[in-house]
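Chemist: My structure is below; once you've seen it, I'll send some questions.
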Amino acid sequence: MRVMRDRIHEIEQQVMRELEKRLSPEELQELKVRTVGKKGTLTALYKEMRDLRNEFKREAGQLINEVRESLEKAFADREGEMAAVLMERRLREETLDISLPGLPVRRGYQHPLTLVIDEIEEIFLGLGFSVAEGPEIETDHYNFEALNLPKDHPARDMQDSFFVSEEIVLRTQTSPVQVRTMQKMCPALPVKIIAPGKVFRYDDDATHSPMFHQVEGLFVDKGVRMSDLKGVLLLFVRQMFGEDREIRLRPSFFPFTEPSAEVDVSCMICGGKGCRLCKGSGWIEILGAGMVHPRVLEMGGYDPAEVTGFAFGMGVERVAMLKYGIEDIRLIYDNDVRFLRQF
Amino acid sequence: MRVSWKWLGSLVDLSGYSPQQLADILTRGGVETGAPEFLHPGFSGVVVGEIVSAEKHPGADTLRVCQVDVGAAPLDRGNRDGAGLDNLDVGVFVSVVTGAANVFVGDRVPVALPGAVLPGIEGSVAATELRGVASGGLLCSEKELGLSFVGTERSRDGVLILPADAPLGSDLGEYLELDDWVLDLELYPNRADCLAMIYVAREVGALIDRKAVLPVLVSTGDPWAAGTLWPASAQEVVVEAVDWSRRYAALLVENVVVEPSPMWLQNRLRAAGIRPISNIVDLTNYCMLEQGQPLHAFDLDKLAGAIRVRRARVGERLTTLDDVERDLSGDMLVIADDNGPVAIAGVMGGLETEVTETTRRVLFESAHFQGACVRRTSRRLGLRSESSLRFEKGVDAAASGSVLERLACLLGELNAGEPVGFKEQMADIPARSVIVLDVARVAGVLGVAVAADQVREAMERQEFVCRRVTDELKDKVAADRATDTVFEVEIPTYRQDLKIEEDLIEEVARMIGYDMIPTTSPYSLQTQGLRSEEQVLRRRVRHGLVEAGMNEVVSYAFVGEKDDGEWGTADRQVRLLNPLRDDMSVMRTSLVPGLLSVAGRNVARQNSTVAFFEIGNIYLARKPVVQSRPIAELPDEEMKVAGVVCGKEAKHWSRGEVQRGFFYLKGILEAMGKRLGVTFLLERFQSEDFADGFLHPGRSAVVFAGDRRLGYLGELHPQAAQKWDLRQPVVFELDLQVLGKAAKEIGHGLRARTIVAKGYPRYPAVQRDLALLTAETVAAGAIEERIRALGGELLQQAEIFDVYTGPPVPPGYKSLAFSLHYQSKERTLTDEEVDEANQTILQGIQEEFGAERRMT
């Protein structure tokens, strides 16, 4: 029995000594198989145990079990340590240069004009305005006459037209959509639309483009007041240019509104103190507006004694230039990718 | 309208206001006024002198030495002494060396004395010595002084020659009253009245609440009664075209002395931007500026026979004052004598009958011509004048006669002539209109609480007669309105812009100030703001293409005729009658040329990798266009989306360069289609007529969605690409209206999404690869389509994952590899089932395409 005990302890001590060494994972596995494996040295002792006397069999069995347990634990610990080292090594090897650029997923850019139109639309959709449209090539009737601009009226000089024929022009404003929409909707109320689109004027210099974009607005109902116009425009301007913007209305003239107003917004750069952008005035002219002229309501089919309305129109290029600090309108139509990539 | 501050100040008290303050008040009041301009160009130390003698310079042929009397002008002695020019005359004479050839003894000229400052020149004038002769100053030209319209004809090429009565020694700036500001009124067409000083003064008076004091028109008494004072020997005046000329008044003046106007008058004209010419012409301009009524002066002795206001006759011509011969036509109004036209009514007079130095008898015309007629004529002739500008916008017909009284008065003041006859013809002079103004309506339209007194005050400040509505007009007031807050307002004839109640509501708002209008929310019902289906589609396409890597552009809707015709529909091009340039002469019938030019421009600037798209209308005449005949109906406008890609994406560290070619763009379109739930099908062009010469025949396709033809996709034909300086660009153009229909019918719908969602199979999928060897001409897509059909229900996916040509594949053949996914909804598939399905597919393909299975 003593011999048996010694042999058990010897195996134990031998394994413990081996484990002290820096074993490779393979050596560790081999050692484990060689000792506590099915054909391992410690396992073999179970067989020899049969030759012992009965009174010692139990003791020897217990001892082998104890040692086996302790060795297995030692192997497990060692394996655990080794796995941690291996994982560490693997992670180290797998390290990436995270400063390299990502795989290319190309994204394009929306043109600043359509971006601004989208934004204007969203604001007015939120205020319950629908988006209407009309033809870009228009009759003289809708572009001028129905807007209270008879032939040979001096106000026509405000908008030099491109002509297709004597009676057909490239529309000089989005305002014809006013009458077209009213005619379509009459007698339904309210008429509440904005109309974005291309317009054309015979003009080509550093500050004018022969084609540009406007957004028209029209609100016709019973009891629409000029103060409502002011309220709606203030909401719009604050969403478009910032919560602390103010607006100011000045008397103006458009043949299709009466009273008419020029609408200024407090300068988005200096906030009203005066700077280069606002030419020191603190205000920037941003759109034209007014109460729909009774004659235009009539052309749309509505009775001016029953309903009133307001209308406004703004230049999209101007809004985009103010919003994005674009200094030259020609950049907008040049379509150079270095410019477009900013939006 | 250029308004002199001094002149305005003589009509309305401006004390307490600066020019800038007044400009702001006018702008806030609706008369937009630019930054005030100071008239003085900034010289100093320049006085009026007279040439007393002019001798040749002893040392230079081109110079002369002039003795100039400068009156008692204070000389800068320090400067003189410092220069050591002891021989220079002290006191009133200076000796000046000049190179100017246009001055003679007796001329009065501006002399810049030592110490003088001239605009645009550094430092000050110093006494100097020119080739040994001392020069105590400079004789100045208009240009050197920064002036215009001052000198006589002789001043043009040299020293400014001043009038002979210019006071010796006086400061030139004071003499020319340059210590003045000009307010530039940018007038809207409705405020034609503000083209006259007296009405500007009234407007200012109303805005600052001070009463304007206007010149009193002195009536010379009874003889002025229409037509009674007219010498029997004088011309008849006949208005034939009464529809275009409501009023024609003539003043006959004899013993005319034509000479320069007095300086005060010249100064006022100059401040207004008008060149003084002679007293007679200047007076017509002065009265026009003051009263708003254009006048014209004819040399009566050059008129032959009766004066007729009539339509021009075909073939008639007139050389106008600007020495240009004008062809007249039947829709133009002229003033004619027995020999033909002598003036184009309201636009410009004729050269032959103009007033000259020798004129002794003058006929002044003060007429009312129809604005539309003058405007049309002026535009037709490309001739605009201060007169046409005023007539176009509307001249007060009621004042034409009285303006001649003012003229007569000024003629007397200037001793310029003796009025001997007055005559006028009148038809249909509009009476003062009366507008009913309801205070309740003012409040209702403006949304501002306004009292009856405020409304009345707003009217009266503008000198409109305002009274409680009278019985006569009561029926114009709605029955439910209390008439004690309803006014009737008499509109003066010079405010022709005021026609309806709304016009007066604006006048009230102007007077109380637009700032008094509060901000409110409309009472209206809640409404839901909506986009149309077309708009929804456009946004989805736009955002889809942007996300797929394309940049949106916006280009002009007008393009060059030839480029557009090649890509679009040449015989339905809408042509502009007045294009800005040749390359903007027709409305586009395709978006592609515009995109190609954007791409070409970018590539030329080394932005060589491009992917652009545009969404916009093309325009098609309803019928084939006959050259030189403008279309009669509005054209069709069709919304298109088009794009161009070109170049290579730069190498990335993870992979090689990517060609932006056919498949790149096809992939983008497929992705965009997925957003709409639409699968695009490509077919080769059947008839080559479109693709021929423009698209590469082997790399182009017609794009379908279902059986709807949307447009095309293809690489440019190498010849076409060369023209645009692009290498292998690929373009597409699709019709958005058709795409919208497809999206609704077979896709996801537009405003209302019509997606029917399904579950997915829960049994495992089996994947098999199938490699085929087939003739190169066989379309992979056709095989794929057949595979899907043959695979039946079990085949969930079939994708081409490899295409290969080259050894060991024999020439003329290609290898295609498909990845096939089999899956059942009901059970786990067995290998046998899958093998059988695979075998069916293979057999079918072999039979149909002669393809062989390729063992790998």
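The values are calculated or read from the model by the stated rules, or taken from the named source; none is laboratory data. Keep in mind the model is a prediction, meaning the values are calculated, not measured. Positions of Cβ are backbone-derived with ideal geometry, glycine not excepted, and every protein chain shown enters the neighbour counts.
Chemist: Taking A:ASP118 and the conditions (1) at the interface with chain B (Cβ under 7 Å from one of its Cβ atoms); (2) out of contact with any Asp or Glu (no Cβ under 7 Å at 6 or more places or on another chain); (3) of a type in the set (D, E, K, R), which numbered condition does it fall short on, given that it satisfies the others?
Modeler: So A:ASP118 meets the others, but not (1).
Chemist: In addition: With the structure loaded, tell me whether A:GLU94 is at pLDDT 85 or above and either of a type in the set (Ser, Thr, Tyr) or farther than 30 Å from A:PHE343 by Cβ (or both) or whether it fails that test. Break it down stepwise before answering.
Modeler: Details: at pLDDT 85 or above: yes; either of a type in the set (Ser, Thr, Tyr) or farther than 30 Å from A:PHE343 by Cβ (or both): yes.
Yes.
Chemist: Using the structure shown, decide if A:ILE329 is touching a Ser or Thr at 6+ places or on another chain (Cβ under 6 Å), modelled with pLDDT under 95 and either over 19 Å from A:ASP118 (Cα atoms) or away from chain B (no Cβ under 11 Å) (or both).
Modeler: Considered against the rule, which asks whether it is touching a Ser or Thr at 6+ places or on another chain (Cβ under 6 Å), modelled with pLDDT under 95 and either over 19 Å from A:ASP118 (Cα atoms) or away from chain B (no Cβ under 11 Å) (or both), A:ILE329 comes out as yes.
Conditions tested, residue by residue: (1) free of Cβ contacts under 8 Å to residues at least 24 places away in the same chain; (2) surrounded by 11 or more Cβ atoms within 10 Å (Cβ to Cβ); (3) not assigned by TED's automatic domain parsing to the domain that holds B:LEU545.
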residue	(1), (2), (3)
B:GLU715	no, yes, no
B:GLN719	no, no, no
B:ARG727	no, yes, no
B:VAL738	no, yes, no
B:THR754	yes, yes, yes
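Chemist: Check B:LEU726, B:LEU734 and return the single one that is in contact with a helix residue (DSSP H, G or I) (Cβ under 9 Å, 6 or more places away or on another chain), away from every other protein chain (no Cβ under 12 Å), closer than 24 Å to B:ALA557 by Cα and outside any strand (DSSP E or B).
Modeler: Selected residue: B:LEU726, the only one of B:LEU726, B:LEU734 that is in contact with a helix residue (DSSP H, G or I) (Cβ under 9 Å, 6 or more places away or on another chain), away from every other protein chain (no Cβ under 12 Å), closer than 24 Å to B:ALA557 by Cα and outside any strand (DSSP E or B).
Chemist: Restricted to region B:367-385, and to residues that are among the small types (Gly, Ala, Ser) and within 14 Å of chain A (Cβ to nearest Cβ), which residue is surrounded by the fewest Cβ atoms within 10 Å (Cβ to Cβ)?
Modeler: Residue satisfying both the conditions and the ranking: B:GLY382.
Chemist: Quick one: which residue in A:GLU121, A:GLU79 is within 30 Å of B:SER532 (Cβ to Cβ), of a type in the set (D, E, K, R) and assigned to a helix (DSSP H, G or I)?
Modeler: Only one candidate passes the filter, namely A:GLU121.
Chemist: For region A:156-225, list the strands (runs of 3 or more DSSP E) that sit wholly inside it and hold at least 1 residues that are of a type in the set (Gly, Ala, Ser); which are they?
Modeler: Filter on region A:156-225 gives A:191-200, A:211-221.
Chemist: Related question: Which pairs have Cβ atoms under 8 Å, sit 6 or more apart or on different chains, and link a residue in region A:78-104 that is in contact (Cβ under 8 Å) with a residue 60 or more places away in the chain to one that is of a type outside the set (Phe, Trp, Tyr) and assigned to a helix (DSSP H, G or I)?
Modeler: Close Cβ pairs (under 8 Å, with a partner that is of a type outside the set (Phe, Trp, Tyr) and assigned to a helix (DSSP H, G or I)) amount to A:LEU86/A:PRO25.
Chemist: Residue under question is B:ARG468, and the condition is that it be touching a Phe, Trp or Tyr at 6+ places or on another chain (Cβ under 9 Å) and surrounded by fewer than 18 Cβ atoms within 10 Å (Cβ to Cβ); does it hold?
Modeler: Criteria met by B:ARG468.
Chemist: Residue under question is B:ASP583, and the condition is that it be more than 8 Å from chain A (Cβ to nearest Cβ), surrounded by fewer than 18 Cβ atoms within 10 Å (Cβ to Cβ) and either assigned to a helix (DSSP H, G or I) or in contact (Cβ under 8 Å) with a residue 24 or more places away in the chain (or both); does it hold?
Modeler: Spelling it out, B:ASP583 is indeed more than 8 Å from chain A (Cβ to nearest Cβ), surrounded by fewer than 18 Cβ atoms within 10 Å (Cβ to Cβ) and either assigned to a helix (DSSP H, G or I) or in contact (Cβ under 8 Å) with a residue 24 or more places away in the chain (or both).
Chemist: May I pose another question? Quick one: how many residues across region B:800-827 are of a type outside the set (Val, Ile, Thr) and in a strand (DSSP E or B)?
Modeler: 13
Chemist: Would you mind stating whether B:VAL625 is modelled with pLDDT under 95, out of contact with any Ser or Thr (no Cβ under 7 Å at 6 or more places or on another chain) and facing another protein chain (nearest Cβ under 10 Å)?
Modeler: No, not satisfied.
Chemist: Follow-up. Tally the residues that are part of a helix (DSSP H, G or I) and either crowded, with 19+ Cβ neighbours inside 10 Å or of a type in the set (Ser, Thr, Tyr) (or both), restricting the search to region A:326-338.
Modeler: 4
Chemist: Can you tell me which residue among B:LEU504, B:LEU545, B:LEU530 is more than 30 Å from B:GLU614 (Cα to Cα) and within 10 Å of chain A (Cβ to nearest Cβ)?
Modeler: B:LEU504
Chemist: Could you please let me know if A:GLU167 is among the acidic types (Asp, Glu) and more than 11 Å from chain B (Cβ to nearest Cβ)?
Modeler: No, not satisfied.
Chemist: Out of the strands (runs of 3 or more DSSP E) lying entirely within region A:242-325, which hold 1 or more residues that are free of Cβ contacts under 8 Å to residues at least 40 places away in the same chain, under 24 Å from A:GLU121 (Cα atoms) and assigned by TED's automatic domain parsing to the domain that holds A:ASP157? Steps first, please.
Modeler: Numbers: elements: A:247-254, A:257-266, A:283-292, A:308-315.
The qualifying strands (runs of 3 or more DSSP E) are A:247-254, A:257-266, A:283-292.
Chemist: Filter region A:242-301 down to residues that are farther than 21 Å from A:ASP157 by Cα and hydroxyl-bearing (Ser, Thr, Tyr), then give me how many there are.
Modeler: 2
Chemist: Pick out the one residue from A:ARG58, A:ARG53, A:ARG106, A:ARG92 that is within 30 Å of B:GLY549 (Cβ to Cβ) and not aliphatic (A, V, I, L, M).
Modeler: From the options A:ARG58, A:ARG53, A:ARG106, A:ARG92, the qualifying one is A:ARG106.
Chemist: Mind listing whichever residues of region A:220-229 are crowded, with 24+ Cβ neighbours inside 10 Å and either over 20 Å from A:SER130 (Cβ atoms) or more than 7 Å from chain B (Cβ to nearest Cβ) (or both)?
Modeler: A:VAL220, A:MET226, A:LEU229
Chemist: Right, another one. Exactly one of these conditions fails for A:THR174: (1) within 12 Å of chain B (Cβ to nearest Cβ); (2) under 23 Å from A:TYR333 (Cα atoms). Give me its number.
Modeler: It is condition (1) that A:THR174 fails.
Chemist: Among the residues that make up region A:125-133, is at least one of them crowded, with 21+ Cβ neighbours inside 10 Å, within 20 Å of B:GLU637 (Cβ to Cβ), at the interface with another protein chain (Cβ under 7 Å from one of its Cβ atoms) and touching a helix residue (DSSP H, G or I) at 6+ places or on another chain (Cβ under 6 Å)?
Modeler: Looking for residues that are crowded, with 21+ Cβ neighbours inside 10 Å, within 20 Å of B:GLU637 (Cβ to Cβ), at the interface with another protein chain (Cβ under 7 Å from one of its Cβ atoms) and touching a helix residue (DSSP H, G or I) at 6+ places or on another chain (Cβ under 6 Å), one finds at least one in region A:125-133, hence yes.
Chemist: Does B:GLY806 count as of a type outside the set (Lys, Arg), free of Cβ contacts under 8 Å to residues at least 60 places away in the same chain, touching a strand residue (DSSP E or B) at 6+ places or on another chain (Cβ under 8 Å) and on the phi > 0 side of the Ramachandran plot?
Modeler: Details: of a type outside the set (Lys, Arg): yes; free of Cβ contacts under 8 Å to residues at least 60 places away in the same chain: yes; touching a strand residue (DSSP E or B) at 6+ places or on another chain (Cβ under 8 Å): no; on the phi > 0 side of the Ramachandran plot: yes.
No.
Chemist: Next up: Select the helices (runs of 4 or more DSSP H) contained entirely in region A:1-73, then report the ones holding at least 3 residues which are among the aliphatic types (A, V, I, L, M) and under 22 Å from A:ALA83 (Cβ atoms).
Modeler: Qualifying helices (runs of 4 or more DSSP H): A:2-20, A:25-36.
Residue-by-condition table, conditions (1) at pLDDT below 85; (2) assigned to a loop (DSSP other than H, G, I, E, B); (3) among the aromatic types (Phe, Trp, Tyr):
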site: B:LEU147; (1), (2), (3): no, yes, no
site: B:VAL159; (1), (2), (3): no, yes, no
site: B:GLY169; (1), (2), (3): no, yes, no
site: B:VAL182; (1), (2), (3): no, no, no
site: B:ILE198; (1), (2), (3): no, no, no
site: B:VAL213; (1), (2), (3): no, yes, no
site: B:THR220; (1), (2), (3): yes, yes, no
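Chemist: Does B:GLU460 satisfy the criteria of being assigned to a strand (DSSP E or B) and among the acidic types (Asp, Glu)?
Modeler: It is false that B:GLU460 is assigned to a strand (DSSP E or B) and among the acidic types (Asp, Glu).
Chemist: Right, another one. State the number of residues belonging to region B:143-154 that are of a type in the set (D, E, K, R) and within 33 Å of the chain's Cα centre (by Cα).
Modeler: Let us first name the residues in region B:143-154 that are of a type in the set (D, E, K, R), namely B:143-144, B:153-154.
Still in the list and also within 33 Å of the chain's Cα centre (by Cα): B:143.
Selection size over region B:143-154: 1.
Chemist: Looking at region A:106-115, is at least one residue β-branched (Val, Ile, Thr), within 30 Å of B:ARG655 (Cα to Cα) and without any contact (Cβ under 8 Å) to a residue 12 or more places away in the chain?
Modeler: For region A:106-115, residues β-branched (Val, Ile, Thr), within 30 Å of B:ARG655 (Cα to Cα) and without any contact (Cβ under 8 Å) to a residue 12 or more places away in the chain: absent.
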